[in-house]
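The values are calculated or read from the model by the stated rules, or taken from the named source; none is laboratory data. None of these values were measured; they are calculated from a predicted model. Note that each Cβ is placed from the backbone with ideal geometry, even for glycine, and that neighbours are counted across all protein chains shown.
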Amino acid sequence: MNVYKRIYSKIKKYDKIVIARHVGADPDALCSQIALRDSILNTFPSKKVYAVGSPATKFRFLGNLDKIDENIYENSLLIVLDVPDKKRVDGVDVDKFEYKIKIDHHPVVDTYCDIEKIDDTSSSTCQLILELLFATKLKLNLGIAKTLYLGIVSDTNRFLYFYTTSKTFELVSKMMKETGLTVEGIYDELYMRPLKEFKFQGFITNNMIVTENGLAYIKITDETLKEYDVDAATPGNMINNFNYVDEVLVWVFMSEDKNNNYIRTSIRSRGPIINEVASHYNGGGHIYASGCRFKDFDEADGLINELDELCKSYKKED
């Protein structure tokens, strides 16, 4: 039995299912869990299925999340999406569940579930959920298709990244044909931004430091965030807007999150492999897109120095 059939058999078996994802949710994480929840409920209306984790205000248009209590753990199936390491699972205690499944497109960090479907060549976790739906009797409708499309588009930056493959296009094409999905209006929801964010992007452009080795970085204080009336997640949400700066190989946005008392850090690369460096600071991710968190800005200086050396080495090898 292939892995998708095994996952389906467990979904069919359990009447209570919790779907979790990583902390600091992005559209791929949110869309994959919301789409899978809705598909299971459409296929098995009598089941209790919950998509959990802290909400992300910026992405509330993607769909609603569910609240749970301590009774959720008894005789329940956990499906973890888009999370390579157990410590970054949001909203639940993984070890309390009777059975656990992981579906992810990041490189393997931890093995902590009974069934693990890992494919780091996939464009997104939403692509893997789409594969699951096509490989089983789980239902796909127009609403679910729209949610999955948003996740795939977001994680590939509109199909720009190298892990967008012919398989990605084949799956998306099949989904559009079977559900009647069109792209009209979809990009507006995902990319429409207020004027204050464009002004804030100008601040980042004018104030980020670029080293001679090709590392760009900026430390954004809570005071600056308040000045532009944006939140701590905003810099990370716009980091992909800096993909094509000729003098920059790796860029790092750090923002002070006073509500959670840590420094949010997003890292992107146009060549040097960055996830190994991020792992040195309790972070990780993809080879060209990673992140981590720090207690304060001073603690982040080690990351900056290491990434600068990485850029220097990369330029020598190039």
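Looking across the range 68-97, the residues that are of a type in the set (Asp, Glu), touching a residue at least 60 places away in the same chain (Cβ under 8 Å) and surrounded by fewer than 21 Cβ atoms within 10 Å (Cβ to Cβ) come down to Asp85, Asp90. If you go through the range 253-262 and keep only what is part of a strand (DSSP E or B) and farther than 17 Å from Leu307 by Cα, you end up with Ser255, Glu256, Asp257, Tyr262.
Taking the range 1-55 as the range and being within 30 Å of Arg293 (Cβ to Cβ), in a loop (DSSP other than H, G, I, E, B) and among the aliphatic types (A, V, I, L, M) as the test, the residues that pass are Val23, Ala25, Val52. Scanning the range 56-80 for residues that are over 30 Å from Gly185 (Cβ atoms) and not aliphatic (A, V, I, L, M) returns Asp69, Glu70, Asn71, Tyr73, Glu74, Asn75, Ser76. Has the range 214-229 got at least one residue that is of a type in the set (S, T, N, Q) and either assigned by TED's automatic domain parsing to the domain that holds Glu309 or in contact with a Cys (Cβ under 8 Å, 6 or more places away or on another chain) (or both)? Checked the range 214-229: at least one residue is of a type in the set (S, T, N, Q) and either assigned by TED's automatic domain parsing to the domain that holds Glu309 or in contact with a Cys (Cβ under 8 Å, 6 or more places away or on another chain) (or both). Starting from residues that are in contact (Cβ under 8 Å) with a residue 40 or more places away in the chain and farther than 25 Å from Thr156 by Cα, keep the ones in the range 182-220 and report whichever is surrounded by the most Cβ atoms within 10 Å (Cβ to Cβ). Restricting to residues being in contact (Cβ under 8 Å) with a residue 40 or more places away in the chain and farther than 25 Å from Thr156 by Cα, the top hit is Lys219. The conditions of being aliphatic (A, V, I, L, M) and in contact with a helix residue (DSSP H, G or I) (Cβ under 6 Å, 6 or more places away or on another chain) are not met by Leu225. Scanning the range 16-39 for residues that are charged (D, E, K, R) and either touching a residue at least 60 places away in the same chain (Cβ under 8 Å) or touching a Cys at 6+ places or on another chain (Cβ under 6 Å) (or both) turns up Lys16, Arg21, Asp26, Asp28, Asp38.
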